[in-house]
Amino acid sequence: MRPSFKIWRAVLDKYVEMRRNLTEKFLGSLSLEPPYSAPVTAVIHCYAKARFEKLYGPQQLIPQRTAVLMGSVFELAVKVLLEGYPPPHHYSYKVYRSEDGFEFTLHAAPDLVLDNEVVELKFTTAPLENLPMDHHEMQLKLYMNVYGMPGRLIYLTPSGVREYGYGLEEALPDGEVIKLGREFFLEKRSPRYEWECQYCPYRSMCPLAISKREQERT
Ligand code: SF4
């Protein structure tokens with residue numbers, strides 16, 4: 001017996017190719033200057049992180065944690081099982097305008113669009129009692145607004161699975177989407193959630209980073 005790196009190398013090649021394609025789409029729809037434009041996955045997270053990625057390119061092509069790899073495998077497996085291979089890329093966008101002239105485009109790429117519902121797939125090691133998570137609900141409710149459809153959040157965890165359905169009336173209202181857009185593009189909120197910094201590849205050189213100790217103090 002000898003250690004080898006044949007199959008995992010092949011998996012890594014495919015994984016990096018997939019991540020690179022997704023990142024190109026992410027960066028292609030991100031404009032932090034007017035005319036403002038961003039994917040849903042950017043506006044629900046830290047502005048500074050999105051800015052770093054725009055400036056320096058993707059830092060997370062290689063999965064940093066096994067849970068991240070598990071998440072990608074779960075997502076791909078469900079998509080292929082339900083939609084075949086290669087699974088379609090679901091995409092839509094919507095322009096939001098406030099009365100004072102603030103305007104931005106939001107790009108939505110849900111994991112699945114099935115039976116007139118947008119569906120988001122999540123793998124997490126969090127305990128079942130912590131589900132659904134706020135930022136996952138926020139992401140889904142933004143997709144629901146852009147698509148004008150009900151939504152569904154699907155979880156796989158080491159302890160079991162969960163599924164949550166949301167009616168169209170639970171989509172994030174336009175006024176709330178515009179508020180979120182202001183916090184991101186104009187207020188440059190960084191980070192959006194304190195826990196984000198613990199998982200961020202830029203934390204070693206980001207002056208806005210919140211350390212674990214600071215996070216525990218709040
Ligand atoms: S370290 Fe924190 S504040 Fe800095 S870019 Fe990352 S998430 Fe944002």
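Which FRET efficiency, nearest 0.05, do SER159 and SER204 yield, Cβ-Cβ r, R0 22 Å?
Here the calculated transfer efficiency is 0.10.
Given an 8 Å cut-off on Cα distances and at least 6 residues of separation, report the relative contact order of region 7-217 as a percent.
The value is 21 percent.
Starting from 0.36 nm per residue, how many nanometres of slack lie between ARG20 and PHE5 once their C-alpha separation is accounted for?
Gain on extension, ARG20 to PHE5, equals 3.2 nm.
What 222 nm value per residue comes from the helices of the chain, counting each DSSP H run with n ≥ 4 as -39,500 (n - 2.57) and dividing by all residues, nearest 500 deg cm²/dmol?
Per the formula, -11500 deg cm²/dmol.
Using +1 on the beta carbon of Lys and Arg, -1 on that of Asp and Glu, and nothing else charged, what's the dipole of the chain about the Cα centre, debye to 20?
Its charge dipole is roughly 1160 debye.
Of the options THR124, TYR36, LEU142, report the single residue whose Cα projects farthest towards the positive end of the charge dipole of the chain (beta-carbon charges: Lys, Arg +1; Asp, Glu -1).
THR124
ALA126 versus GLU194, label points 7 Å from Cα toward the beta carbon: distance in nm?
Simple spin-label model gives 1.6 nm for this pair.
Towards the positive end of the charge dipole of the chain, with charges on Cβ (+1 Lys, Arg; -1 Asp, Glu), say which of CYS197, MET1, PRO87 has the farthest Cα.
The one lying farthest along the dipole's positive direction is MET1.
For region 99-171, what's the radius of gyration and Dmax over Cα atoms, in angstrom?
Expressed in Å, the Cα Rg and Dmax of region 99-171 come to 13.6, 48.
Going by a ≥ b ≥ c, the root eigenvalues of the Cα gyration tensor, does region 7-217 fall in the rounded group (a/c under 1.5), the prolate group (a/b larger than b/c) or the oblate group?
Taking the square roots of the gyration eigenvalues as a ≥ b ≥ c, region 7-217 is rounded.
If one computes the Cα centroid of region 129-153 and of region 1-66, what distance in Å separates the two points?
Their Cα centres are 21 Å away from one another.
Can you compute the modelled spin-label distance between ARG51 and GLU103, with each label point 7 Å from Cα toward Cβ, in nm?
2.4
For region 41-140, what is the charge dipole size about the Cα centre, in debye to the nearest 20, if Lys and Arg each add +1 at the Cβ and Asp and Glu each add -1 at the Cβ?
500
Coordinate-derived values only; no laboratory data. In this text the structure is predicted, and so the values were computed from the model without any measurement. No Cβ is skipped: glycine too gets one built from the backbone with ideal geometry, and neighbour counts run over all protein chains shown.
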